[in-house]
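Have a look at the structure below before the remarks.
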Amino acid sequence: MRARAAILAGLLVAASACSNGLPPGGAGDAFRRAEQALAAGEPRTARIELLNAIKAQPSNRAFRLLQARVYLRLRDGGGAQAELDRARKLGASEAETAHLMAQALLLQGDAQGALREAAKAAPENSGYAERIAGQAYHALGDFARAGAAFDRALALTPRDADLWTEMARLRQSNGETAGALGAADRAVALDPHNVGALALRGILTRNQYGLAAAMPWFDRALELDPANVDALIERASTLGDLGRTTAMLADTRAILAASPGNPSAYYLQAVIAARAGRYDLARSLYRRTGGALDGKPSAMLLAGAIELQSGAPAQAAKRLQRLLQLQPANLKARRLLGSALLRSGDPAGAVRTLSPLAERDDADAYTLTVIGKAYAKLGDRRAASQYLARAVLPRPAATAPLSDPLSEGEMAALRRDADAHPDAAAPQVLYIRALLGRGLGGEALARARRLLAANPGAPDAHVLVGDALAISGDYRGAAGAYRGAANLAFTEPVALRLVEALRNSGDTRGAAQALGLFLAQNPQNVPAQLLAANAYLQARQWERAIRLYERVRARIGNGDSTLLNNLAWAYAQTGDIETALPLARHAYALDPRNPATADTLGWLLFRSGKDKPQGLMLLQQAARGAPSDSDILAHLQAAKG
């Protein structure tokens, strides 16, 4: 069957060549080989053959048109436009080339130009042109017109795998995860060799099930096209998050070989360097992106972290402030910005930045520590001691979304927008989050349930219902809502919410299973690893806690006092005081005002007999900082007795 298909393809190519007036041999043979290569999914081979053909016959319009298609397949919009311009000068009409020109312009970021060209397309190319128009509207953020264009394209070309792939991308952008999965599956079913569809299915699988589950999709795409830059970028980033740094680096080099100077490759290499603690190298690599990614949130976060770790907190603060304006609920950016402001001499700014997070019951130890230090810099020792005392143990992930306090006018504006657009998800989500931020769980829950009924395939709708239920104390119901979100997108925020809700509902076994499943797919995820390590610590499973804490320490270094403090305690409980004491000293040196670090070091010094007077003094300091902590008081009483 395959041999027969190959013979038929050869006959079709030969017929095409003859119809273009190409005699056998020379440029005609090169053209035929190019057509065969393109049909077989080998555009780079086709490009080389066509370069030879064009060199022999530079005025052949058919050669130019096919080369334009090849460049489009290679996502080289500039090369495609140049060939189309030459083809038009050689007699090709605008109508017969407009759909291709539209795609060439879109690849170069000219969405408006793409729309103008798509409107000129000949009727026989309308399906293709409508697909490009839909992509252009998507790029412009006009999702409604994008959907309408795709619907028109679907009526004309229902079996176009590229169209289904773009429809999946649009649905993904709209938060319609279930619809995106269905469209991507349709694209793969129509064309199992469509590299774009396979790579997108990998992205969706990564969100739905996790990193490890996504890898076969990227591997399959790259088996078909080893130099596909988009698939290489996605696989490289996934490999990095899986901790497979060597393979990730190899993929970044493959990206640069296929696309010299590609900014995403340098960004990924900067990630590798930053994770290894080589911040000067990371900074150098990031600069090689030439600013091409400066508007991308993940790149903005990386650049801010690199500046902070390289001793440039003021520069870090500028980058992170821009990111937080775009994503006010980005917790990582907020934490880093608070630290950057403190280090750059603006403790008041650090307090303002971190207060929305630090005032929550589930605030993490890092945030509490930084804001405590900021208050100490401001001379408010009482506030400093309160926040540092709360940093005794790391907290689980937040179940409610973070938001800065809104004024009455801002709340009223959000309500008006939501009421004026009851069927639009975006204004409903914004208002529901604002309600949750104010603790108004009842109204938030009612609106979230209406949103979920209208958008059952959107993970965010499930999450908002869960958040509203969690605020009201219905953790069992919240866990059910988070499970619904997890079935669509088992991401870090969803997974950690689910774990916390299960624990709060008393289902510790279910929480452990959910956390274990997430870690199996995302073994390098630091928040999940810390959550698991803390659980082991509380369960007195010291060896397991040590293994996880050490794994995280190897990843993030020795700058987290809470991690080092907990690790020291775990080692001490196994009887390994010689390992525990240096860790406890380091944790205390990093955060001497924290009652937890003072308690751990003091207790270890006292119990080991290394320095009982110093130990007693530290235990007294810890008790003053956390007078209601029963464990600290018990240690002090034992030392005094």
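Kindly provide the set of residues from the range 377-393 that are open to solvent by 40 Å² or more (accessible area, probe 1.4 Å) and either of a type in the set (Gly, Ala, Ser) or modelled with pLDDT under 80 (or both), ordered by number. Within the range 377-393, Gly379, Ser385, Gln386, Arg390, Leu393 meet the criteria. Scanning the range 321-344 for residues that are of a type in the set (A, V, I, L, M, F, W, C) and either in a loop (DSSP other than H, G, I, E, B) or more than 16 Å from the chain's Cα centre (by Cα) (or both) yields a total of 6.
Of all the residues in the range 73-89, those that are at pLDDT below 95 and among the aliphatic types (A, V, I, L, M) number 1. Against the condition in contact with a helix residue (DSSP H, G or I) (Cβ under 8 Å, 6 or more places away or on another chain), open to solvent by 60 Å² or more (accessible area, probe 1.4 Å) and farther than 28 Å from Leu452 by Cβ, how does Asn534 come out, does it pass? Answer is no for this residue. Tell me yes or no: at least one residue of the range 446-464 is outside any helix (DSSP H, G or I) and either touching a strand residue (DSSP E or B) at 6+ places or on another chain (Cβ under 6 Å) or loosely packed, with under 15 Cβ neighbours inside 10 Å (or both). Within the range 446-464, one or more residues are outside any helix (DSSP H, G or I) and either touching a strand residue (DSSP E or B) at 6+ places or on another chain (Cβ under 6 Å) or loosely packed, with under 15 Cβ neighbours inside 10 Å (or both).
From the list Leu519, Leu531, which one is at pLDDT below 90 and either assigned to a loop (DSSP other than H, G, I, E, B) or under 22 Å from the mean Cα position of the chain (by Cα) (or both)?
Leu531
The conditions of being in contact with a Gly (Cβ under 6 Å, 6 or more places away or on another chain), in contact (Cβ under 8 Å) with a residue 12 or more places away in the chain and among the charged types (D, E, K, R) are not met by Asp467.
Return the residues of the range 556-571 that are in contact with a Ser or Thr (Cβ under 8 Å, 6 or more places away or on another chain) and either open to solvent by less than 30 Å² (accessible area, probe 1.4 Å) or on the phi > 0 side of the Ramachandran plot (or both); say none if nothing qualifies. Once the filter is applied, which keeps residues that are in contact with a Ser or Thr (Cβ under 8 Å, 6 or more places away or on another chain) and either open to solvent by less than 30 Å² (accessible area, probe 1.4 Å) or on the phi > 0 side of the Ramachandran plot (or both), the range 556-571 yields Ser561, Thr562, Asn565, Ala568.
Any residue at all in the range 535-550 that is touching a residue at least 12 places away in the same chain (Cβ under 8 Å), charged (D, E, K, R) and outside any helix (DSSP H, G or I)? Yes; the residues of the range 535-550 include at least one that is touching a residue at least 12 places away in the same chain (Cβ under 8 Å), charged (D, E, K, R) and outside any helix (DSSP H, G or I). Of the numbered criteria (1) modelled with pLDDT of 90 or more; (2) out of contact with any Ser or Thr (no Cβ under 9 Å at 6 or more places or on another chain); (3) part of a helix (DSSP H, G or I), the one Ala485 fails is (2).
Looking only at helices (runs of 4 or more DSSP H) that fall completely inside the range 87-204, which ones have 3 or more residues that are within 26 Å of Phe63 (Cβ to Cβ) and open to solvent by less than 40 Å² (accessible area, probe 1.4 Å)?
Working: elements: 94-107, 111-118, 126-139, 143-156, 161-173, 177-190.
The qualifying helices (runs of 4 or more DSSP H) are 94-107, 111-118, 126-139.
Scanning the range 419-445 for residues that are assigned to a helix (DSSP H, G or I), farther than 16 Å from Leu469 by Cα and charged (D, E, K, R) gives a single hit, Asp419. For the range 225-260, the candidate set comprises residues that are open to solvent by less than 50 Å² (accessible area, probe 1.4 Å) and part of a loop (DSSP other than H, G, I, E, B); within that set, the residue that is modelled with the lowest pLDDT is Gly243. Looking across the range 583-621, the residues that are open to solvent by 50 Å² or more (accessible area, probe 1.4 Å), among the aliphatic types (A, V, I, L, M) and within 41 Å of the chain's Cα centre (by Cα) come down to Ala589, Leu590. Counting the residues of the range 297-311 that are in a loop (DSSP other than H, G, I, E, B) and open to solvent by less than 20 Å² (accessible area, probe 1.4 Å) gives 0. Checking each residue in the range 345-387 for being of a type in the set (S, T, N, Q) and either more than 31 Å from the chain's Cα centre (by Cα) or outside any helix (DSSP H, G or I) (or both) picks out Ser385, Gln386. Just one residue in the set Ala511, Ala470, Ala489 is under 20 Å from Leu242 (Cα atoms) and open to solvent by less than 20 Å² (accessible area, probe 1.4 Å); that residue is Ala489.
Would you check which residues across the range 261-296 are basic (Lys, Arg) and either in contact with a Phe, Trp or Tyr (Cβ under 9 Å, 6 or more places away or on another chain) or not in a helix (DSSP H, G or I) (or both) and list them? Across the range 261-296, the qualifying residues are Arg278, Arg287, Arg288, Lys296.
Scanning the range 39-86 for residues that are surrounded by fewer than 16 Cβ atoms within 10 Å (Cβ to Cβ), part of a loop (DSSP other than H, G, I, E, B) and more than 37 Å from the chain's Cα centre (by Cα) yields Pro58, Ser59. So which pairs qualify, if the first residue must be in the range 599-620 and assigned to a helix (DSSP H, G or I), the second must be open to solvent by 10 Å² or more (accessible area, probe 1.4 Å) and among the aromatic types (Phe, Trp, Tyr), the Cβ gap must be under 6 Å, and the two must be at least 6 apart or on different chains? Between residues of the range 599-620 that are assigned to a helix (DSSP H, G or I) and residues that are open to solvent by 10 Å² or more (accessible area, probe 1.4 Å) and among the aromatic types (Phe, Trp, Tyr), the close pairs are Thr600/Trp569; Leu601/Tyr588; Lys612/Phe606; Gly615/Phe606. The residue pairs whose first member lies in the range 554-569 and is free of Cβ contacts under 8 Å to residues at least 40 places away in the same chain, whose second member is polar (S, T, N, Q) and buried (at least 24 other Cβ atoms within 10 Å of the Cβ), and whose beta carbons are closer than 8 Å, counting only pairs six or more residues apart or on different chains, are Asn565/Asn594; Asn565/Thr597; Asn565/Thr600; Ala568/Thr600; Trp569/Thr600. I'd like to check something: does the range 267-282 contain any residue that is open to solvent by 50 Å² or more (accessible area, probe 1.4 Å), modelled with pLDDT of 95 or more and among the small types (Gly, Ala, Ser)? No, there is no match, as no residue in the range 267-282 is open to solvent by 50 Å² or more (accessible area, probe 1.4 Å), modelled with pLDDT of 95 or more and among the small types (Gly, Ala, Ser). If Lys318 satisfies all but one of (1) free of Cβ contacts under 8 Å to residues at least 60 places away in the same chain; (2) in a loop (DSSP other than H, G, I, E, B), what's the number of the condition it fails? Here Lys318 clears every test but (2). Would you confirm whether or not the range 349-367 contains a residue that is polar (S, T, N, Q) and open to solvent by less than 10 Å² (accessible area, probe 1.4 Å)? Checked against the condition, which is being polar (S, T, N, Q) and open to solvent by less than 10 Å² (accessible area, probe 1.4 Å), the range 349-367 yields at least one hit. In the range 206-224 there is at least one residue that is hydroxyl-bearing (Ser, Thr, Tyr), outside any helix (DSSP H, G or I) and surrounded by fewer than 23 Cβ atoms within 10 Å (Cβ to Cβ).
The values are calculated or read from the model by the stated rules, or taken from the named source; none is laboratory data. This is a predicted model, so every value here is computed, not measured. Note that each Cβ is placed from the backbone with ideal geometry, even for glycine, and that neighbours are counted across all protein chains shown. Heavy atoms of the whole protein, side chains included, go into the accessibility calculation; ligands, DNA and RNA do not. Shrake-Rupley method; radii C 1.70, N 1.55, O 1.52, S 1.80 Å.
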